[in-house]
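What follows is a short report on a single structure.
The values are calculated or read from the model by the stated rules, or taken from the named source; none is laboratory data. Everything numeric here is computed off the predicted structure, so don't read it as measured data. Note that we place each Cβ from the backbone using ideal geometry, even for glycine, and neighbour counts take in every protein chain shown. Only protein heavy atoms, including side chains, enter the accessible area calculation; ligands, DNA and RNA are left aside. Shrake-Rupley method; radii C 1.70, N 1.55, O 1.52, S 1.80 Å.
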Amino acid sequence: MKKVIKQVAAIGAAGALLAAGVAFSQAKVSDGIVKIGVLTDLSGLYSDLAGPGSVLAAQMAIDDFRAETKGGAPFKIEIVSADHLNKGDIAANRAREWFERDNVDMIADLVTTSTALAVMPIAQKLGKITIVSGAASTLITNEQCTENNVHWTYDTYALANGTGRAVVKQGGDSWYFLTADYAFGHSLEKDTGAVVQASGGKVLGAVRHPFPGTDFSSFLLKAQASGAKVIGLANAGTDTTNSIRQASEFGITPKQQLAGLLMFVSDVHSLGPKVAGGMYLTETFYWDLNEQTRAWSKRFFDKQKRMPTMVHAGVYSGVLHYLRSVAATGTDDAKAVMGRMRATPVNDFFAPGARIREDGRLIKDAYLFQVKTPAESKGPWDLYHLRQTIPADQAWQPLADSRCALVTKKK
């Protein structure tokens with residue numbers, strides 16, 4: 001039985017104020033433990049942009065929550081992690097095991113669209129929560145949306161809206177896509193193609209490569225033969241970096257421009273400004289945006305020896321908002337916690353003032369960056385120029401266009 005607690009927490013390490021002030025007349029958290037699972041790619045092509053860094057980010061959120069409550073949180077917090085190998089069946093089996101056997105309350109990250117779409121309905125059925133940071137497809141907040149899911153960090157609409165529009169504006173008005181052949185790649189190609197055409201450009205074609213891939217030569221030669229000004233890379237992780245390297249080796253660039261439609265600071269760091277300099281990309285976080293992002297990123301770097309990606313920052317933000325909502329409601333019941341999460345603005349360096357929309361989309365600013373040239377970069381992680389802040393109300397798919405049943409049934 002929990003003692004009555006009335007507390008307003010102090011400003012924590014994330015620089016946010018937790019105003020809980022909640023009375024606990026009895027223990028409502030199952031087993032007195034809130035258990036968070038980080039299901040991610042720990043060994044594959046997305047392990048740098050998510051992986052161990054996502055586990056670290058979740059632990060940092062737990063540590064900062066404890067600091068905010070001065071150790072007075074009325075429940076224990078545990079974290080578990082596993083490698084889903086970017087396979088939906090493996091992710092689904094592990095999620096079910098966690099939920100049914102191990103009493104996991106919430107799963108974070110789910111870096112591949114196939115894993116997110118496999119786990120989300122299981123969480124919904126079993127009364128659990130998913131907070132997706134790493135997956136990108138807009139299916140997550142449209143046809144496959146659930147009441148118990150939040151799409152936290154980015155999606156293909158925002159990526160297309162930022163990068164696609166900017167490249168067309170700079171004269172890249174004919175496109176050919178090199179696309180990863182699964183749900184994420186298809187979604188990114190579709191969304192970007194729509195933006196290109198709406199901006200006055202043309203789509204000349206597309207070729208789809210296996211996921212994951214290693215040899216992109218035949219696909220790049222088809223893109224080269226199209227004569228398109230821009231080759232849109234509708235892939236991610238090492239698929240993207242390998243595509244860019246091979247395009248450079250084959251002399252495709254700089255004759256044709258590459259548009260990395262989903263790139264992370266880890267990718268750009270791997271490629272270096274000599275190869276990636278001048279490219280445009282859209283992200284929702286960069287370590288050097290402001291004093292708050294720099295402070296948190298330094299803490300992350302001290303432990304990981306790499307700067308965080310937007311996936312890492314999103315995992316941290318989602319886990320912290322979840323824990324604050326559990327504390328405020330005094331329960332780990334998914335319906336109550338989700339209600340609090342939706343009703344309360346996010347308060348951290350990643351998404352200050354952001355809110356969760358009824359389709360499960362977190363609505364925050366996005367950013368258009370241009371990669372610095374070797375002459376402009378002052379260090380290994382000094383990689384981006386901020387070219388445009390895309391306001392939250394413009395970055396994401398309009399709710400009026402939603403195909404989410406939670407929205408359409410109200411129309």
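Of the beta bridges in the chain, as assigned by DSSP with both residues counted there, near 25 percent are antiparallel. Axis angle, to the nearest 10 degrees, between helix 238-249 and the longest C-alpha principal axis of the chain: 20 degrees. Among [x] 70, 46, 37; [y] 59, 49, 44; [z] 107, 52, 39, only one was calculated for this model; which label is it, if the read-out is Cα extents along the principal axes in Å? Correct label, based on the coordinates given: [x]. Could you please state how large a percent of the accessible area of the chain is carbon and sulfur, counting protein chains only and using a 1.4 Å probe? Looking at the chain in its full context, I get 51 percent from C and S.
Relative to the longest principal axis of the Cα atoms of the chain, the long axis of helix 310-329 makes an angle of roughly 20 degrees.
Charge tally for GLN388 (other residues, Cβ to Cβ under 13 Å; Lys, Arg +1; Asp, Glu -1): +1. Relative to the first principal axis of the alpha-carbon coordinates of the chain, what is the inclination of helix 113-126, with its axis defined by its Cα atoms, in degrees from 0 to 90 and to the nearest 10? On a 0 to 90 degree scale, this one is about 20. Charge tally around TRP98: other residues with Cβ under 9 Å, Lys/Arg +1 each, Asp/Glu -1 each, net +2. Calculated mean residue ellipticity at 222 nm for the chain: -11000 deg cm²/dmol, from DSSP H runs with n ≥ 4 weighted as -39500 (n - 2.57), summed, divided by the residue count and rounded to 500. Averaged over its residues, the chain has an accessible area of 38 Å² per residue, based on protein heavy atoms and a 1.4 Å probe.
Under 5 Å between amide hydrogens, built in the peptide plane, is the criterion, and for VAL80 it picks out ILE36, GLY37, VAL38 among residues at least 5 positions away or on other chains. Taking a Cβ cut-off of under 11 Å around GLY51, the surrounding Lys, Arg, Asp and Glu residues balance to a net charge of -3, with basic ones at +1 and acidic ones at -1.
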